[in-house]
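Presented below is the structure to which this report refers.
The values are calculated or read from the model by the stated rules, or taken from the named source; none is laboratory data. Note that the structure is predicted; figures quoted are calculated from it, not measured. Heads up, the Cβs are rebuilt from the backbone with ideal geometry, glycines too, and the neighbour counts pull from every protein chain shown.
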Amino acid sequence: MNVRFYIWQRATAAVMLPMILVHLVVIFYAMNHQLTAADILSRTQGSIAWGLFYGLFVVLASIHASIGVSNILREWGHMKARLAEMAASALGVTLLVLGLRAVAAVVLP
Amino acid sequence: MSNASDVLQVSLWRGGAEGGFKTYEVPLRPNQTILDIVTWVQRNLDATLSYRFACRVGMCGSCAMMVNGHPRWTCRTHVAKVAQKGVVEIAPLANMPIIKDLAADMRQFFDKWVVAHGAFAGSKTRADEIELIKPAEPARVAVDAAIECINCGICYAACDTVRWNPEYLGPAALNRAWSLNNDVRDADHAGRLAAVSADGGCHNCHSHQSCQAHCPQSLNPTRSIAGLKRLSTQAYLRGDLKP
Ligand code: SF4
Ligand code: SF4
Ligand code: FES
């Protein structure tokens, strides 16, 4: 962990926090209005706003998680810095691909 | 030593890393310290017992050991406060290699002070005026809160991050760096900030405050490290730091 990783980890967390709140509100809204999957898809498909919102969230989460996991691998897995960074980068890319695929599935028309 | 209430069961670490605990019976005395116990064993039961101390009054920082699992300055730790049902277990300081018995090898601990630029870098000669520093200036207040470290290594032994990451500079060295970077007379603020912002530096601290809870001088390395993180973040965002 150096100052660059530290700032990226904190900054991504700071941006994700309000986004998580929005996400929770969305869940409550969908529950309260008893929206079906079809209702939800009809709102998200073709929506640039939701696509950007969740797309950005996926990018932030991938960065945040890979820095954290790299640290965990070093501290608890006693991995060398290089190896931990490589493993964590692989995880970050996996999260990014899976996340963006999921976003695409709900927003692409 | 027949009366159990007058006798302490003391387990002392014997040998090097491969050693183990050996139990001794030590007479209980009023106002006895942990260092008194160790000294009693060495004088009365086994003269080969190795341990380290100097001042016996909490000034030199050389007598720290693990007492019932916690790092403590043994010369100022009363047995009555820490004994658990008449049992005391004493081991060399954690997070350091064992030399022998209760003596830990503190070289890494001190080497990291050097890595953290723990030495004052003067910028003046004796011909210059003496710098006037007002006691109420915020930088001086920050220094006041962080000095009086006796280099005992207790915080270092209490820190999980040191245990997990051998590169981590640790609470004492970083606390020292913070006090020097608040010293207006020091000429190495930028170099020191770069040193403590690199891999192994202040950003590894998890802020769980074990160092602060154990420091016998009631210092708060966690707060000092938070200060370094702040300085380092500002310098990085200004473009003054390139990790
Ligand atoms: S607060 Fe930081 S330096 Fe102190 S014990 Fe925790 S990780 Fe170590
Ligand atoms: S900060 Fe406290 S615990 Fe750490 S070395 Fe200094 S006096 Fe000892
Ligand atoms: S012997 Fe000096 S601090 Fe304990």
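Some points to look at:
- Here segment B:185-206 is the region considered, the condition is being more than 14 Å from every other protein chain (Cβ to nearest Cβ) and touching a helix residue (DSSP H, G or I) at 6+ places or on another chain (Cβ under 6 Å), and the residue that is farthest from B:V143 (Cα to Cα) is B:H189.
- Scanning segment B:207-226 turns up no residue that is within 11 Å of chain A (Cβ to nearest Cβ) and not small (G, A, S).
- For segment A:27-46, filtering for residues that are surrounded by 11 or more Cβ atoms within 10 Å (Cβ to Cβ) and out of contact with any Phe, Trp or Tyr (no Cβ under 9 Å at 6 or more places or on another chain) leaves 7.
- Screening the candidates A:L83, A:L52, A:L17, A:L24 for the property of being under 21 Å from B:H206 (Cβ atoms), without any contact (Cβ under 8 Å) to a residue 12 or more places away in the chain and exposed (fewer than 15 other Cβ atoms within 10 Å of the Cβ) yields one hit, A:L17.
- Considering only residues in segment B:120-165 that are free of Cβ contacts under 8 Å to residues at least 40 places away in the same chain and within 14 Å of another protein chain (Cβ to nearest Cβ), the one that is surrounded by the fewest Cβ atoms within 10 Å (Cβ to Cβ) turns out to be B:W164.
- Across segment B:2-15, the qualifying residues are those that are hydroxyl-bearing (S, T, Y) and at pLDDT below 95, and the one among them that is farthest from the chain's Cα centre (by Cα) is B:S2.
- For A:L108, the criteria (1) away from every other protein chain (no Cβ under 14 Å); (2) modelled with pLDDT of 95 or more hold in every case but one, which is (2).
- Scanning segment B:108-166 for residues that are within 16 Å of ligand 3 (Cβ to nearest atom) and of a type in the set (D, E) returns a single hit, B:E148.
- Residue identified as touching a residue at least 40 places away in the same chain (Cβ under 8 Å) and not basic (K, R) among B:D101, B:D111: B:D101
- Of all residues making up segment B:131-157, the number that are out of contact with any strand residue (DSSP E or B) (no Cβ under 9 Å at 6 or more places or on another chain), part of a loop (DSSP other than H, G, I, E, B) and either under 17 Å from B:G118 (Cα atoms) or within 11 Å of ligand 2 (Cβ to nearest atom) (or both): 4
- Annotation note: of B:K112, B:K134, the sole residue that is farther than 28 Å from B:V26 by Cα and either more than 15 Å from the chain's Cα centre (by Cα) or not charged (D, E, K, R) (or both) is B:K134.
- Residue pairs meeting the criteria (Cβ under 9 Å; at least 6 apart or on separate chains; first β-branched (V, I, T), in segment B:182-201; second part of a loop (DSSP other than H, G, I, E, B)): B:V184/B:E131; B:V184/B:I133; B:V184/B:E137; B:V196/B:A116; B:V196/B:H117; B:V196/B:L169
Matching residues to (1) surrounded by fewer than 17 Cβ atoms within 10 Å (Cβ to Cβ); (2) assigned to a loop (DSSP other than H, G, I, E, B); (3) more than 16 Å from ligand 1 (Cβ to nearest atom):
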| position | (1), (2), (3) |
| --- | --- |
| B:R56 | yes, yes, yes |
| B:M59 | yes, yes, yes |
| B:S62 | no, yes, yes |
| B:R72 | no, no, no |
| B:A80 | yes, no, yes |
| B:A94 | no, yes, no |
| B:V114 | yes, no, yes |
| B:G118 | no, yes, no |
